[in-house]
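Structure record follows, encoded as structure tokens.
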Amino acid sequence: MKRLGVIGGMGPEATSDLFLKIIKNTPAKNDQEHIPIVIDNYPQIPDRTAFLKGLGESPLPFLLESVTRLEKCEVDYLCMPCNTAHYFVNEIREYTDIPFLSIVESTLEAIISNGKKYKKIGLITTDGTLIGKIYHKVFEKKNIEIKDFDKDIQRNIMDCIYLVKAGEKDKAAEIFAKTYSEIIDNGFECLIAGCTEIPVLLPFVDLSLADVYDATELLAQKAVSVCLKG
């Protein structure tokens, strides 16, 4: 069994969501059968979307600082419950010899494994993830196209994300439910919850209306799989 290191705090509730999903996806019959995890909850990492919009400090030195702390804890794998921060995935992999589990690659694997040919895939994520084409670049390598939402929908998604970060989940859920309905009305048959705040809001919508891939859940499953193999 291998030890997992989590670059966390982006935000803290999203990190908590990943941790709980790892526990729920572990086929453990007692405490000792759960995988060992070290979480570096580091909320002081600068806003990733602000940086990609040219409005803030680079998160990269802070991300590498977190990696260094986790290296000292002798973790065997790394992961990061923040989709936008995956803009720096290549720099992280170059910085450390510890294998890094990508939330984007885990999601792509799940969609390919499903075998369905979707006509309209939507990505519920931050402006920063869209600006950095964090999912688009990885998916295009497999000839899978992601279609963007209109500006009003994307603005509402961003409002929901920052409301969750601010602890205003009920308000976020109300906005998200209306926004989700608009997305479905626009013909999206496959949706990726590609911001780690979004899965917190999924219980408030009808998931039977589209195939919804919870990227956090898929990262949790990937982490459990590789760590248990060890």
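Okay, residues lined up against (1) of a type outside the set (A, V, I, L, M, F, W, C); (2) exposed (fewer than 14 other Cβ atoms within 10 Å of the Cβ):
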site	(1), (2)
LEU70	no, no
VAL75	no, no
PRO81	yes, no
HIS86	yes, no
ASN90	yes, yes
PHE100	no, no
MET158	no, no
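With a requirement of 1 or more residues that are more than 22 Å from GLY194 (Cβ to Cβ), the helices (runs of 4 or more DSSP H) lying completely within the stretch 1-81 that satisfy it span 12-24, 60-72. Taking the options VAL205, VAL226, name whichever one is of a type outside the set (S, T, N, Q) and farther than 25 Å from LYS116 by Cα. Testing whether each residue is of a type outside the set (S, T, N, Q) and farther than 25 Å from LYS116 by Cα leaves just VAL226.
Only residues that are open to solvent by 20 Å² or more (accessible area, probe 1.4 Å), assigned to a loop (DSSP other than H, G, I, E, B), closer than 23 Å to LEU55 by Cα and in contact (Cβ under 8 Å) with a residue 12 or more places away in the chain were counted across the stretch 115-148, and they come to 1. Residue count for the stretch 182-229 satisfying the condition of being open to solvent by less than 70 Å² (accessible area, probe 1.4 Å), farther than 24 Å from GLY128 by Cβ and without any contact (Cβ under 8 Å) to a residue 24 or more places away in the chain: 1. Looking only at residues in the stretch 48-68 that are open to solvent by 40 Å² or more (accessible area, probe 1.4 Å) and in contact (Cβ under 8 Å) with a residue 24 or more places away in the chain, the one that is farthest from GLY8 (Cα to Cα) is LYS53.
Return the residues of the stretch 11-30 that are under 16 Å from the mean Cα position of the chain (by Cα), hydrophobic (A, V, I, L, M, F, W, C) and at pLDDT 95 or above; say none if nothing qualifies.
From the stretch 11-30, those under 16 Å from the mean Cα position of the chain (by Cα) are 11-22; that's our starting set.
Cutting the leftovers down to hydrophobic (A, V, I, L, M, F, W, C) gives us 14, 18-20, 22.
Passing the criteria: LEU18, PHE19, LEU20, ILE22.
Out of curiosity, is ILE112 surrounded by 14 or more Cβ atoms within 10 Å (Cβ to Cβ) and β-branched (Val, Ile, Thr)? If you could, list the steps in order and put the result at the bottom.
Numbers: surrounded by 14 or more Cβ atoms within 10 Å (Cβ to Cβ): no; β-branched (Val, Ile, Thr): yes.
Judged against the criteria, ILE112 is not a match.
The values are calculated or read from the model by the stated rules, or taken from the named source; none is laboratory data. The structure displayed is predicted, hence computed values, not measured ones. Because the Cβ atoms are built from the backbone with ideal geometry, glycine has one as well, and the counts that use them run over all protein chains shown. With ligands, DNA and RNA removed, areas are computed over all heavy atoms of the protein, side chains included. Shrake-Rupley method; radii C 1.70, N 1.55, O 1.52, S 1.80 Å.
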